[in-house]
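The values are calculated or read from the model by the stated rules, or taken from the named source; none is laboratory data. Predicted model only: the values in this text are computed from it and were never measured. Heads up, the Cβs are rebuilt from the backbone with ideal geometry, glycines too, and the neighbour counts pull from every protein chain shown. All accessible areas refer to the heavy atoms of the entire protein, side chains included, with ligands and DNA or RNA removed. Shrake-Rupley method; radii C 1.70, N 1.55, O 1.52, S 1.80 Å.
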Amino acid sequence: MRTFYINGKIITMEEEGELYAEAVCVEKGRIISVGKKEIVFALKQMGDEVIDLNGKTMLPGFIDAHSHFIGTANTMTQCDLSVCKDFADIIQTMKNFKEKRMLSDEAWIIGSNYDQNFLKEGRHPDKNVLDKISTTNPILLVHASSHMGVTNSKGLEIQKIDEKTKDFDGGKYGRISGTNEPNGYMEENVFLEFQSKVPMQSMETLISCIEEAQKMYASYGVTTIQDGMVGKPLFQLLQYVSSTSKLYLDVVGYADIMTLGEIFEEQPMYANQYHNHFKLGGFKIFLDGSPQGKTAWMTKPYENEDDYKGYPIHSDEELKKYICLALDKKQQLLAHCNGDAAAEQYVSMFMNVLKERKEKDIFRAVMIHAQLVRKDQLERMAKIGMMPSFFVVHTYYWGDIHLKNFGLERGSQISPVKDAVDLQMKYTFHQDTPVVPPDMMLTISSAVNRVSKTGQNVGKNQCVSILDALKAVTSYAAYQYFEENEKGTIAKWKYADFVVLDKNPLETRKEEIADIKVVMTIKENKIIYKNGEKENESAE
């Protein structure tokens, strides 16, 4: 049986040929015809299904270019602190969470999405604040950036962190002024180390949360998701979830290059190919931290911070080793780079390796976030085919903070998408979920308008057209995953992955783009989101 989609504004996102189509025909999850209604309808037979779009707009399913899928699932068991305005709010919200969840006095209580930039105190809470929540429960607060966090005295005790505990490369502990006593604050590598030792949820709970996470992504029109940092435990979990057919969205995992360097040989079933909707797409590495947390590595100091420029995660020699490993394995490498010093390290080391080895193919290496990448760096990236994946919705959420942290000249140029457009680069957008929800329309709006939450302009010279913004979450995102022949546009033989919107973005005032709603999300011709509910039946 075939399915025909008609009576809507069908935006194909094809760069060659017609941008709009009148009808689409799908069979067995693939598009078999697209174009004029009379031509497509010539394939119709008795019993075929016709889906009337009722004037709504259909596009290729949105593709998440970078997020943390399992991390997103985990946050569904955590206390959301994003609306807290001060320490008192955090304390009461966490106490209410413990009571509502009926947690024992030994259970970990985890809160997420606090941001010191928006707290009345203007600083991170410390163990003394968290001890007011509980002295018997270990507590962990995860910063909105996921690059830093705070624990209470019980958490420090359980993980045996005291005045004798030393910082290590790429991270540090907060200390009580004038002493070596930890104050509970942790950032970058030391925070990630601490977080990795916090007990995981039960398998039953995780599976339930994974289902909820997929529903959430689908509600924003997303049909392909990324898990952007997969260590061994996460790989095993994704492997299990895949084997039990719990995934109905495609999930692309990127292996931690420091710990899973041999994963592609060990797990060939998942190497660059989907198995039950999960595949390994390449490797991931972190090179610096967070701009709003002031751990991003800069070439010039932060505004009003004397000589402080953030710091790197890896030395040049370490990075060079990992670049060579990725090239040896013929795998894509994604590097987290926020500051321009981190961007410089990634570009220059890649170019040095290419020159030394006389290589040409970098397997579509990606610079994740590229927040403060400079135009001269983008020019060099373009020459070697390195893609930027911009966290452009930062202009909305943290635009005011970036202007404060970096000054007007640097802060207004975060996520310089227009520079990439002018250089004829392929680029993508992402939300780094769970940092922020995978709201593609808000992201597109941010790229088009570049206005912060408070209404402040954040680099109007970097605004792009709505069509160029849509490419970043459809055709260019498919290209990033080496899936341009399978996804990203509405074209013959590609997967029937669609998102249906209540308005046509190309005919909407740019100031109203963020208000466009997802009506329906379709994955391989199965309706996975409609009116807020997942559907199991086929659109056929």
Given labels modelled 7 Å from the Cα in the Cβ direction, how far is it in nm from Ser208 to Lys358?
-> 6.0
Counting alpha carbon pairs within less than 8 Å and at least 6 residues apart, what relative contact order, in whole percent, applies to the stretch 68-202?
-> 19
Partner aspartates and glutamates whose C-alpha sits under 20 Å from that of Lys375, ignoring same-chain residues fewer than 8 away, are Asp288, Asp340, Glu344, Glu409, Asp419, Asp422, Asp468
By how many nm would the segment from Asp89 to Thr454 lengthen if fully extended, with 0.36 nm per residue of separation less the alpha-carbon distance?
-> 129.2 nm
Answer rounded, prolate or oblate for the stretch 1-43, using the Cα gyration tensor with square roots of eigenvalues a ≥ b ≥ c: rounded when a/c is under 1.5, else prolate when a/b is larger than b/c, else oblate.
-> prolate
What dipole magnitude, in Debye to the nearest 20, does the chain give about its Cα centre under +1 on Lys/Arg Cβ and -1 on Asp/Glu Cβ?
-> 400
Would you mind listing how long the chain runs along its three principal axes, going by Cα atoms, in whole Å with the largest first?
-> 79, 56, 50
If ligands, DNA and RNA are left out, what is the accessible area of Lys9 with a 1.4 Å probe, given in Å² to the nearest 10?
-> 80
At most 15 other Cβ atoms within 10 Å and a DSSP loop assignment: could you name the trypsin sites (Lys or Arg not before Pro) in the stretch 400-486 that fit?
-> Lys453
State the extension gain, in nm to one decimal, for the chain segment bounded by Tyr240 and Lys383, taking 0.36 nm per residue of separation less the distance between their alpha-carbons.
-> 47.5 nm
For every helix of n ≥ 4 consecutive DSSP H residues, a contribution of -39,500 (n - 2.57) applies; sum these over the chain, divide by its total residues, and give [θ] at 222 nm rounded to the nearest 500 deg cm²/dmol.
-> -8500 deg cm²/dmol
Would you list, by chain and number, the lysines whose Cα falls below 17 Å from the Cα of Lys44, excluding same-chain residues fewer than 8 positions away?
-> Lys28, Lys36, Lys492
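Are there trypsin sites (Lys or Arg not before Pro) in the stretch 279-345 that DSSP marks as loop and that have at most 11 other Cβ atoms within 10 Å, and which are they?
Lys330
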Have a look at Ile110, Ser475, Gly174 and report the one farthest towards the positive end of the charge dipole of the chain, computed about the Cα centre with Cβ charges (Lys/Arg +1, Asp/Glu -1).
-> Ser475
Report, ordered by chain and residue number, the lysines lying within cross-link reach of Lys330, taken as a straight Cα distance under 19 Å and ignoring same-chain residues fewer than 8 apart.
-> Lys279, Lys284, Lys320, Lys321, Lys355, Lys358, Lys360
If you project the alpha carbons of the stretch 152-256 onto the principal axes, what extent comes out on each, in Å, largest first?
-> 53, 25, 25
Pairwise centroid distance, computed over Cα atoms, of the stretch 365-424 with the stretch 437-483, Å = 12
Along the charge dipole of the chain, which of Gly253, His369, Thr57 sits closest to the positive end, that is, farthest toward it, with unit charges on the beta carbon of Lys, Arg, Asp and Glu (+1, +1, -1, -1)?
-> Thr57
Cα-centred dipole magnitude for the stretch 135-180, charges only on beta-carbon of K, R (+1) and D, E (-1), debye, nearest 20 | 40
Where Tyr427, Tyr311 fall by accessible area, highest first, once all protein chains stay in place (1.4 Å) = Tyr311, Tyr427
For Ile158 and Leu506, extending 7 Å from Cα along the Cα-Cβ vector and measuring point to point gives, in nm, a value of 5.3
Toward the positive end of the charge dipole of the chain, about the Cα centre and with charges on Cβ (Lys, Arg +1; Asp, Glu -1), which of Thr295, Asn352, Thr12 goes farthest?
-> Thr12
Counting only the heavy atoms of the protein chains, how much of Val373 is accessible to a 1.4 Å probe, in Å² to the nearest 10?
-> 10
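Which loop-located chymotrypsin sites (Phe, Trp or Tyr not before Pro) does the stretch 124-210 contain, where loop means any DSSP state but H, G, I, E or B and the Cβ has at most 14 other Cβ atoms within 10 Å?
Phe168
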Separation of the stretch 47-74 and the stretch 325-364 by C-alpha centroid, Å?
-> 32
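Report, for the chain, the % of DSSP beta bridges that are antiparallel, rounded to 5.
Percent antiparallel among DSSP bridges in the chain is about 50.
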Accessible-area order for Trp297, Trp493, largest to smallest, probe 1.4 angstrom, reads Trp493, Trp297
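When the Kirkwood radius is taken over all Cα pairs of the stretch 227-358, what Stokes-Einstein diffusion coefficient follows at 20 °C and 1.002 mPa s, in µm²/s?
For these conditions, the coefficient is 133 µm²/s.
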